[in-house]
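S.K.: The structure follows.
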Amino acid sequence: MSRGLVPSNQEIWKLIQGYFGGNIQIVPYIQEIFLLECHIAGTSYQDLEAVEPDLNIGDALLFRREPDNAHDPLAVAIYDRQERKLGYLP
């Protein structure tokens, strides 16, 4: 993740402006921010040796709630972009 400025998506800003009646100032550039760093629980139950070569720092991950999880109804599973389960948020 770079710390520099990147162009924002002007189409999204037009949509937002329309929603708020045009009373919003468009900022031409945005800065990326660091959102979360944490361990992944339950990795010993997954076959991560097959997944590890495909993972890179900065990869987007998918977070899915598992309300029907027998062990924890508040569980949040973590998947890579190929829908392979990596584990859970601790």
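What follows draws every value from the coordinates through simple rules; no lab data is involved. None of the values given here were measured: they were computed from a predicted structure. Every residue, glycine as well, gets a Cβ built from its backbone with ideal geometry; the counts of neighbours run over all protein chains shown.
S.K.: Rank these for me by crowding, ASP47, ASP80, going from fewest to most other beta carbons within 10 Å. Don't skip to the end; give the middle numbers.
M.R.: Details: ASP47 10, ASP80 15.
Ranked by crowding around the Cβ, least crowded first: ASP47, ASP80.
S.K.: Report the label-to-label distance for ASP68 and GLN82 in nanometres (one decimal), using points 7 Å from each Cα along the Cα→Cβ vector.
M.R.: 2.6
S.K.: Using the number of other C-beta atoms within 10 angstrom as an exposure proxy, rank PHE63, PHE34 with the fewest first.
M.R.: Numbers: PHE63 11, PHE34 7.
If I rank by nearby Cβ atoms, fewest first, I get PHE34, PHE63.
S.K.: Return the distance in nm (one decimal) between the two label points of a simple spin-label model at ASP59 and ALA41, each offset 7 Å from Cα along Cα→Cβ.
M.R.: Between ASP59 and ALA41, the simple spin-label model gives 2.2 nm.
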